[in-house]
Structures are given as C-alpha cells and as structure tokens.
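In what follows, a structure is listed as structure tokens, so that the remarks can point back to it.
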Amino acid sequence: MNHFEEPTDDDIEYVSKTQLKKEAEDLKKLGLALLDLTPGQFAKIPLDDELTEALTLAAKINRKKEGFRRQIQYIGKLLRKADVAPIELALNKLRSAHQEDVNKFHQLEVWRDKLIQEGDTEIQAFLNEYPEGDRQKLRHLVRTANKENSQNKPPAAARELFKYLRSLSESK
C-alpha cells in the first residue's frame with residue numbers, strides 16, 4: 001500500500017476500549033512498580049529524563065493524596081509514549097536476582113537445619129559441596145547449637161552457623 005491509497009479494512013487494527021483501558025492500567029502498575037524500587041535499583045532501569053523526573057516527583061508526594069493519583073496518571077501517559085520493553089526487561093532482571101537471593105537464603109537455612117539435626121553425616125555432605133569449609137568449626141557450631149537447643153537457650157550458635165554457611169556460599 002502506498003501513501004495515496006485509502007486503507008482497507010484489512011489494514012486497520014481495531015482495539016476495543018476495554019483493551020485500551022487494560023493497557024493503560026498495566027502501564028500505571030508498571031509506574032507504581034518503578035516507584036517501589038530502591039535508588040540503586042532505580043538507577044539500573046533505562047528511563048528517559050522526563051519519565052525519571054516524573055517518577056522522582058511522584059516519590060515525594062504522599063500516596064494518599066489526589067496529587068499522587070494524578071502524577072501516576074501522568075506517568076502512565078509518558079509510558080504509553082515510551083518503549084516499555086527495555087524497562088520491563090530490566091525490572092524483571094531485578095526481580096529474578098532478588099528471587100535468586102531468596103532461594104540461596106532458603107537453601108542455607110535447609111543446610112543449617114540438616115547440620116544441626118543430623119550432625120557428622122551432613123557435615124560430610126556439606127563439605128563435599130563446599131570443600132573450603134572448616135570441619136572443626138562446623139562440628140563445634142553444630143554441637144553448641146544442639147546444646148543450646150536442649151537447654152532452651154536462644155539459638156546464638158545456630159545463627160553463628162548460618163552466618164558461617166553464608167560466608168562460605170558467598171566465597172564459592
């Protein structure tokens with residue numbers, strides 16, 4: 001089709017009003033998600049100057065005020081003009097990195113609990129996975145954690161064991 005021909009019905013893409021509203025709502029949610037980022041995370045998102053300025057202003061407004069709602073509407077409008085694919089990609093990378101950290105944390109908790117419950121057999125399994133670990137230190141922390149547990153004392157050794165496991169996992 002050249003520029004002088006009338007568009008045919010096949011060339012025009014119809015979008016329902018409901019679909020347009022849903023897309024606008026999704027962009028406002030994206031704007032709110034951007035506001036929830038820490039300054040360090042926010043710096044990693046590829047935003048143009050106008051959008052950055054609008055988000056910075058929105059962060060200063062009380063979320064219960066009408067001005068905040070209007071600012072979010074404005075951010076949604078700016079996002080409709082922008083290419084949101086790189087923004088969403090960067091936001092998803094940040095979220096997946098956070099999820100990886102949470103998973104590592106839970107895995108270390110599982111290791112700690114296994115070590116405390118099963119003792120030397122689990123210490124060997126742990127050292128197979130983390131060979132730079134110190135067997136003596138692990139055994140001492142596990143014994144102390146079991147002793148504290150049996151005497152209904154606060155789990156200071158269990159916390160210390162977790163810190164040691166975390167330091168080993170970070171050095172791996």
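Straight-line reach from Lys81: which aspartates and glutamates have a Cα under 19 Å away, not including same-chain ones fewer than 8 places off?
Glu13, Glu23, Glu25, Asp26, Asp48, Asp49, Glu50, Glu53
Need one number for the stretch 99-171: average projected area of the convex hull over its C-alpha atoms, nm².
If I average the Cα hull's projected area over directions, I get 4.6 nm².
Please report, in debye to the nearest 20, how large the charge dipole of the chain is about its Cα centre when each Lys and Arg carries +1 at its beta carbon and each Asp and Glu carries -1 there.
Dipole size: approximately 1440 debye.
Taking the Cα centre as origin and putting +1 on Lys and Arg beta-carbons and -1 on Asp and Glu beta-carbons, what dipole magnitude results for the stretch 99-171, to the nearest 20 debye?
Dipole magnitude for the stretch 99-171 comes out near 380 debye.
Across every pair of different alpha-carbon atoms, what Kirkwood hydrodynamic radius in Å does the stretch 44-133 reach?
Hydrodynamic radius (Kirkwood, Cα pairs) of the stretch 44-133 is 17.1 Å.
Let me know the longest stretch in the chain that avoids all GluC sites (Glu not before Pro) found in a DSSP loop with at most 15 other C-beta atoms within 10 Å.
14-131
Considering the chain, what Rg and Dmax in Å follow from its alpha-carbon atoms?
For the chain, the Cα radius of gyration and maximum Cα-Cα distance read 26.6, 88 Å.
Using only DSSP helix segments of four residues or longer, with each worth -39500 (n - 2.57), what per-residue ellipticity at 222 nm results for the chain after dividing by its residue count and rounding to 500?
That calculation yields -24500 deg cm²/dmol at 222 nm.
Say R0 is 41 Å: what FRET efficiency, to the nearest 0.05, do Asp113 and Asn92 get from their beta-carbon distance?
It comes out at approximately 0.85.
Each reported figure results from applying straightforward, stated rules to the coordinates on display, with no laboratory input. Here the structure is a predicted model, which is why all the values come from computation and not from measurement. Glycine gets a Cβ as well: all are built from the backbone with ideal geometry, and neighbour counts include every protein chain shown.
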